[in-house]
1. Quick check: is even one residue across the range 243-255 surrounded by fewer than 18 Cβ atoms within 10 Å (Cβ to Cβ) and outside any loop (DSSP other than H, G, I, E, B)?
2. Report whether or not residue 204 is on the phi < 0 side of the Ramachandran plot, touching a strand residue (DSSP E or B) at 6+ places or on another chain (Cβ under 8 Å) and at pLDDT below 95.
3. Counting just the residues of the range 144-155 that are under 15 Å from residue 128 (Cβ atoms) and surrounded by fewer than 22 Cβ atoms within 10 Å (Cβ to Cβ), which one comes out modelled with the lowest pLDDT?
4. For the range 121-132, state whether one or more residues are under 18 Å from residue 55 (Cα atoms) and within 19 Å of the chain's Cα centre (by Cα).
5. Within the range 296-308, count every residue that is under 19 Å from residue 195 (Cβ atoms) and surrounded by fewer than 16 Cβ atoms within 10 Å (Cβ to Cβ).
6. Determine whether residue 204 is closer than 21 Å to residue 309 by Cβ, in contact with a helix residue (DSSP H, G or I) (Cβ under 7 Å, 6 or more places away or on another chain) and either in a loop (DSSP other than H, G, I, E, B) or free of Cβ contacts under 8 Å to residues at least 24 places away in the same chain (or both).
7. Would you say residue 237 is crowded, with 20+ Cβ neighbours inside 10 Å, more than 19 Å from residue 193 (Cβ to Cβ) and either in contact (Cβ under 8 Å) with a residue 24 or more places away in the chain or touching a helix residue (DSSP H, G or I) at 6+ places or on another chain (Cβ under 6 Å) (or both)?
8. Looking at (1) outside the structural domain of residue 58 (by TED's automatic domain parsing); (2) without any contact (Cβ under 8 Å) to a residue 40 or more places away in the chain, which is the only condition residue 226 fails?
C-alpha cells in the first residue's frame, strides 16, 4: 500500500515504497498515424514539434480547435515507422474523427490501436536495473520522455515525478505483460494522483474544448512549442501567450484525507464552492487566480487544503 506523505515545497512528493509497483493504465487508448505524410500532417495539427518525436524520445502535446481550446492532450512516441498518440480513452474516438476530417488530402492512415497496453511503473532505485533487464533494457532512460525498446515493449521515463522513486511507463503488445506478472499492482487512481501532484492534467470527454492551453499550464510545461510554426488554433494560442497575462492557472490542492466523490472547494472568503477540474486520492486540481499562494483554500465541508504551485523544468 502506498502511503502519501506530507507535501514538500516542490511538485515532487514522497511516499513509502519498499518494492516495485505497477498500474494498468486502462484509462488510456492509442491512436496510430502511419504512412509517408504522418509526421508532416500531425505537425500542422498539434501543439508540439513532431520532428522531435522518435523511437527514443516521447513528446507531450495537445490538439486544439480553431478557437484555441484543447480538444485533447496526448503523449506521442514513434513505434517502428508509425507515430502513436496516447490519449484518454473517453476522447479517443473524438480525436480520431477530428484528425480524419483534416487528413483527406494527406497520405496517411489514422486508426485506434487496440493491441497495445500501457503500464505505469514505480520503482525504488535499488530495483531499477532488475526491472529494466526484464524488458531487455541495459541502460535506464535518464531524462523525461526518453525511451528504450526491448522484448516487444517500449519503456520510457515518465513525465510524472516522485521524490526518490524511479517513474516509468511501458507500452506493450503483450497482455498481460509477463515481465510484470509478479509485481504488486496499484490502481489507476494512484497513478493519476502521482500525475496530478506533478502538475499533469489530462483532457477527458467532460473537459474537451473547455479550456485554453494557458489555463492548464500547457504553455509553460512544454506541451505547446512556440517555435514550431502553424497548427490548428495556433494564432489564438500564441496571441494569448505573447500579448496577455493569464488571470488563472492550474494549481494542486491536497487534503488531509482521501476525497470522496466529486470534490468541491472554496477560497476562505468566497460564498460559493467550485468544482475541482480533476481529483484522485487526496489531491485535486483546480483553476485558481495566479495569486492563489496568498489565499487559503478548504473543502466544502471546511477541511483545509494545502496548495501546490507547480513549477516545470
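The values are calculated or read from the model by the stated rules, or taken from the named source; none is laboratory data. Just so it is clear, the model here is predicted, and its values are computed rather than measured. Here Cβ is always computed from backbone atoms with ideal geometry, including for glycine, and neighbour counts include all displayed protein chains.
1. Yes: one or more hits.
2. Spelling it out, it is not the case that residue 204 is on the phi < 0 side of the Ramachandran plot, touching a strand residue (DSSP E or B) at 6+ places or on another chain (Cβ under 8 Å) and at pLDDT below 95.
3. Let us first name the residues in the range 144-155 that are under 15 Å from residue 128 (Cβ atoms), namely 146, 148, 150, 155.
From what's left, surrounded by fewer than 22 Cβ atoms within 10 Å (Cβ to Cβ): 146, 148, 150.
Values: 146: 97, 148: 95, 150: 86.
Residue satisfying both the conditions and the ranking: 150.
4. no
5. Here the count works out to 1.
6. On the way: closer than 21 Å to residue 309 by Cβ: no; in contact with a helix residue (DSSP H, G or I) (Cβ under 7 Å, 6 or more places away or on another chain): yes; either in a loop (DSSP other than H, G, I, E, B) or free of Cβ contacts under 8 Å to residues at least 24 places away in the same chain (or both): yes.
Considered against the rule, which asks whether it is closer than 21 Å to residue 309 by Cβ, in contact with a helix residue (DSSP H, G or I) (Cβ under 7 Å, 6 or more places away or on another chain) and either in a loop (DSSP other than H, G, I, E, B) or free of Cβ contacts under 8 Å to residues at least 24 places away in the same chain (or both), residue 204 comes out as no.
7. On the way: crowded, with 20+ Cβ neighbours inside 10 Å: yes; more than 19 Å from residue 193 (Cβ to Cβ): yes; either in contact (Cβ under 8 Å) with a residue 24 or more places away in the chain or touching a helix residue (DSSP H, G or I) at 6+ places or on another chain (Cβ under 6 Å) (or both): yes.
Answer is yes for this residue.
8. The number of the failed condition is (1).
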